[in-house]
Amino acid sequence: MQIRNLLARFIRLYFGLETVSYSDLNTENKTMVFYANHSSHLDFVLVWACLPSEIRANIVPIAASDYWCKNAIRRWVCAQFFHGVMIERNLVSRKNNPVRDIANILESGHSVLIFPEGGRKNELTVQEFKSGIYHISKRLPNTNFVPIQIRNANRSMPAGTIIPLPLTCSLKFFKPIKLEANESRQQFLDRARSAVINEQAA
């Protein structure tokens, strides 16, 4: 635990991380879905490092197996150090349904970190969300979904980069949302996406 806390501090210092608003994060709530825009493989590391230690100790990052299983080092770092769970995002079937796996993690008492765009995108353009985040909310309607806006990660670690550059990155944590009564799939997806990008142009 001490090593992980020291690493989180190092990451915050290395990237000059600025975080905004923890006021709505209840560290006693152990089952939350943190979700963010996705422009770099660095994203989940930045979010992990900026979370309060109580939440960081309990969160499970959901990682794409096609990237994190490419070699033994990546797989070990993701699974053993960050306690991440790798899911299939290309050949999804009933046997490897990521929604079911994520719901099981939440029901076991952990929080999760997901990227609803489904893959890395241009940081300035948050793409339409995949439907998985809606299906999670439908299965667990009382779960809080915490929107996060990440800036500059794609400049620090663009595609193909192995060692990230020490460029200043920033994160904003916004007020949690929940699935509303009678809210349709598209309404929820649009609202969840808007919660991430509302202040992005400010």
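The values are calculated or read from the model by the stated rules, or taken from the named source; none is laboratory data. The shown structure was predicted, so the numbers you read here are calculated from the model rather than taken from an experiment. Every residue, glycine among them, receives a Cβ derived from its backbone with ideal geometry; neighbour counts consider all protein chains shown. We work out accessible area using only protein heavy atoms, side chains counted, and drop any ligands, DNA or RNA first. Shrake-Rupley method; radii C 1.70, N 1.55, O 1.52, S 1.80 Å.
Hey, any hits in the stretch 124-143 for a residue that's at pLDDT below 85 and either within 14 Å of the chain's Cα centre (by Cα) or over 23 Å from Leu7 (Cα atoms) (or both)?
Yes, the stretch 124-143 contains at least one residue that is at pLDDT below 85 and either within 14 Å of the chain's Cα centre (by Cα) or over 23 Å from Leu7 (Cα atoms) (or both).
With a cut-off of at least 2 residues that are closer than 17 Å to Val47 by Cβ, among the aliphatic types (A, V, I, L, M) and open to solvent by 40 Å² or more (accessible area, probe 1.4 Å), name the helices (runs of 4 or more DSSP H) lying wholly within the stretch 122-202.
none
Given the conditions (1) modelled with pLDDT under 90; (2) open to solvent by less than 40 Å² (accessible area, probe 1.4 Å); (3) of a type in the set (Val, Ile, Thr), which single one is not true for Ile73?
(2)
So the check is Cβ under 6 Å with 6+ separation or different chains; which pairs have a first residue in the stretch 148-172 that's more than 18 Å from Arg74 (Cβ to Cβ) and a second one that's among the basic types (Lys, Arg) and surrounded by 15 or more Cβ atoms within 10 Å (Cβ to Cβ)?
What qualifies is Gln149/Lys172; Leu167/Arg155; Ser170/Arg151.
I'd like to check something: does the stretch 110-119 contain any residue that is open to solvent by less than 50 Å² (accessible area, probe 1.4 Å) and either farther than 29 Å from Arg155 by Cα or modelled with pLDDT under 85 (or both)?
yes
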